[in-house]
Amino acid sequence: MAVDENLKIEMGKQGVFVTTLQELYNWGRRSSVWPMNFGLACCAIEMIATTMARYDLARFGAEVFRPSPRQADLMIISGTVTKKMAPQVVRLYNQMGEPRYVIAMGACAISGGPFKQGYNVLKGIDRYIPVDVHIPGCPPRPEALLDAFITLQKKIDAQSLTGENRPRHLNPEGQGEFPVPEQGEHDLEPPSNTLVWPAPMVIR
Amino acid sequence: MKTIEEIKAAIEAAVPGAGVEIINNPSPSAQHSLLLQRETALAVAQFLRDDAELAFDYLSNVTGVDWLDKEIVEKVKVKKTVTKTVDGVEQQVEETVDETRKRVEPGYLETVYHLYSMAKKHGPLILRLRTANRTDQVELPSFTPIWRSAEFQEREIFDLYGIVYTGHPDLRRILMWEGFKDHPMRKDYVEPDDFEYEPTAHDAVAKRAQEHQAKVAAAQNGGAA
């Protein structure tokens, strides 16, 4: 239930503040997204730089990096996900409380990057967990991570609390547990979670 | 530092029956190496470390090489007795005939060690060790008891090439997980068929992606029929 923007401005001029529960709820959520204190490779260095004084992620309410997945809202996949690490990444994601978001940072996290054809590198973390924002770059600049963060905030702002498109945690039938891949004899089993990642069609 | 020939002579004087072989490097770097025998390698390594003059106290690098079976084609001249009719008379005549022979030189796995001396400030000395074949006789003596720095690198070679180091204190996989069956750095390693999404494929990857698509299409058609 949204309030008409013009009406809101008009009433604001008269000293009446109008809002909706949804707006308040989303404002609160997007203004205190706590990322998980977790880095995988060189992108993590850029992530750390983003939180430091020059770029200052704290301006967006995300200064508290939580060392426990139980207290974190956002997982920044910062770096190469090896097949040895992938089950642990999915397990950490499962341990986070809802609502939770994922930013895949850098070429490796979104596709395997320069190591894509390697025998030990996962071809993108979106094969196992749903990713909200992908950032290209090798590594992405701190500005790119800030941009991804603002994109995520816009996404949170646009979420409606009811109806078909409500987020997973408000849907009693929403599936919150994602299967952790097994380390098999030749590869991870299964090689991807087809519910999260149906292999996209490549048109040539 | 002594030349490689002098080192070879010193080894053979100290370790009887060492059977060391010099492998020449024809490139401008001229980094010649010593091929050791599996049986005497440990004694030779001990000598190289403890000898007062050589004193190779630092093992900087260990790596593996996979040599596949090599087919060698040779032209040989062979004498043959051929029955011929010369001037209307049948005769046994000896003739030299060219014959091409093919033989297969069996492949092996190789470990290469680079040794330096911190005390004497010389090096590198390059050692090679070869397994008997690539499949079932892949044991080599471990140099970890002599140089501790070999421990992790030998584990890595065990992981990626499948060379088994006898005498290694803790031979486990180090990069891949326990239960992984393949050795990814071997030349005959086949990676899992995960080419379902290759948006910017080219060359070998494009070929694998096409093969994957063909396989998927065949499976779908098979399911429909």
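The values are calculated or read from the model by the stated rules, or taken from the named source; none is laboratory data. Because the structure is predicted, anything quoted here is derived from the model rather than measured. Quick reminder, even Gly has a Cβ in these numbers, built from the backbone with ideal geometry, and neighbours come from all protein chains shown. Surface accessibility is based on the protein's heavy atoms, side chains included, excluding ligands, DNA and RNA. Shrake-Rupley method; radii C 1.70, N 1.55, O 1.52, S 1.80 Å.
At a glance:
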quantity: FRET efficiency, B:D203 to A:H169 (Cβ-Cβ, R0 35 Å, nearest 0.05); calculated: 0.20
quantity: Kirkwood-based shape ratio for chain A, expressed as Rg/Rh from alpha carbons; calculated: 1.02
quantity: Debye equation applied to the C-alpha atoms of the range B:104-175, log10 I(q)/I(0) at 0.11, 0.16 Å⁻¹; calculated: -0.30, -0.59
quantity: Interface size A-B, as summed buried accessible area [1.4 Å probe, Å², nearest 100]; calculated: 1900 Å²
quantity: Solution diffusion estimate, µm²/s, Stokes-Einstein, the range A:63-147, Kirkwood Rh from C-alpha pairs, 20 °C, viscosity 1.002 mPa s; calculated: 165 µm²/s
quantity: Against the rule of thumb 2.2 N^0.38 Å, how large the Cα Rg of the protein assembly as shown comes out; calculated: 1.47
quantity: Point-charge dipole on Cβ atoms (K/R +1, D/E -1) for the range B:114-206, about Cα centre, debye to 20; calculated: 960 debye
quantity: Residues in the range B:1-17 that a label on B:K121 would reach, taking backbone N under 17 Å of a point 7 Å out along Cα→Cβ; calculated: B:1-2
quantity: Cleavage-rule hits (chymotrypsin sites (Phe, Trp or Tyr not before Pro)) in the range A:1-82: DSSP loop, at most 15 neighbouring Cβ within 10 angstrom; calculated: A:F17
quantity: Debye equation applied to the C-alpha atoms of chain B, log10 I(q)/I(0) at 0.07, 0.11, 0.14, 0.16 Å⁻¹; calculated: -0.41, -0.75, -0.96, -1.13
quantity: Per-bin percent of Cα-Cα distances, the range A:103-204 [10 Å]; calculated: 13, 34, 36, 16, 1
quantity: DSSP beta bridge pairing in the range A:73-204, given as percent antiparallel to the nearest 5; calculated: 25 percent
quantity: Within chain B: Cβ-based charge dipole about Cα centre, in debye rounded to nearest 20 (Lys, Arg +1; Asp, Glu -1); calculated: 260 debye
quantity: Sparse-neighbour loop sites [trypsin sites (Lys or Arg not before Pro); the range B:1-48; at most 16 other C-beta within 10 Å; DSSP]; calculated: B:K2, B:R38
quantity: Two-site label geometry, B:K187 and A:E5: point separation in nm, points 7 Å out along Cα→Cβ; calculated: 6.6 nm
quantity: Selected from B:F152, B:G123, B:A201, residue furthest toward positive end of dipole (the range B:113-225; charges at beta carbon); calculated: B:G123
quantity: Low-density loop positions, trypsin sites (Lys or Arg not before Pro), the range B:119-225 - DSSP coil, at most 11 other Cβ in 10 Å; calculated: B:K121, B:R148, B:R172, B:K181, B:K187
quantity: B:E105-B:D51 pseudo-label distance in nm [points 7 Å out on the Cα-to-Cβ vector]; calculated: 2.7 nm
quantity: Dipole axis of the range A:108-204 (+1 Lys, Arg; -1 Asp, Glu on Cβ), positive-most option in A:T194, A:I135, A:G163; calculated: A:I135
quantity: Rounded FRET efficiency, nearest 0.05, which uses the C-beta distance separating B:A218 from A:Y25 and R0 of 41 Å; calculated: 0.20
quantity: Heavy-atom surface of the protein assembly as shown, accessible at 1.4 Å and reported per residue (Å²); calculated: 56 Å²
quantity: Prolate/oblate/rounded call for the range A:1-40, Cα gyration tensor, a/c under 1.5 rounded; calculated: prolate
quantity: Excluding exposed DSSP-loop GluC sites (Glu not before Pro) (at most 15 other C-beta within 10 Å), longest clean stretch of chain B; calculated: B:54-177
quantity: Choice from A:G184, A:G79, A:G12 showing the highest fluctuation, given a GNM over chain A with Cα pairs closer than 10 Å; calculated: A:G12
quantity: Tilt relative to chain A, helix A:142-157 - C-alpha long axis, 0 to 90 degrees, to 10; calculated: 60 degrees
quantity: Max mean-square fluctuation residue, GNM over chain B, Cα-Cα springs under 10 Å, options B:P192, B:P124, B:P141; calculated: B:P192
quantity: Protein accessible area in chain A, 1.4 Å probe - carbon and sulfur %; calculated: 57 percent
quantity: For the range A:54-108, alpha-carbon Rg over 2.2 N^0.38 Å; calculated: 1.22
quantity: Gap separating the Cα centres of the range A:1-31 and the range A:99-175, nearest whole Å; calculated: 28 Å
quantity: Estimated FRET transfer efficiency when R0 is 35 angstrom, pair A:V16-A:R91 (beta carbons, to 0.05); calculated: 0.10
quantity: Angle in degrees between helix A:86-95 and the longest Cα principal axis of chain A, rounded to the nearest 10; calculated: 30 degrees
quantity: Dipole in debye (nearest 20) - the protein assembly as shown, about Cα centre, beta carbon charges: Lys, Arg +1; Asp, Glu -1; calculated: 800 debye
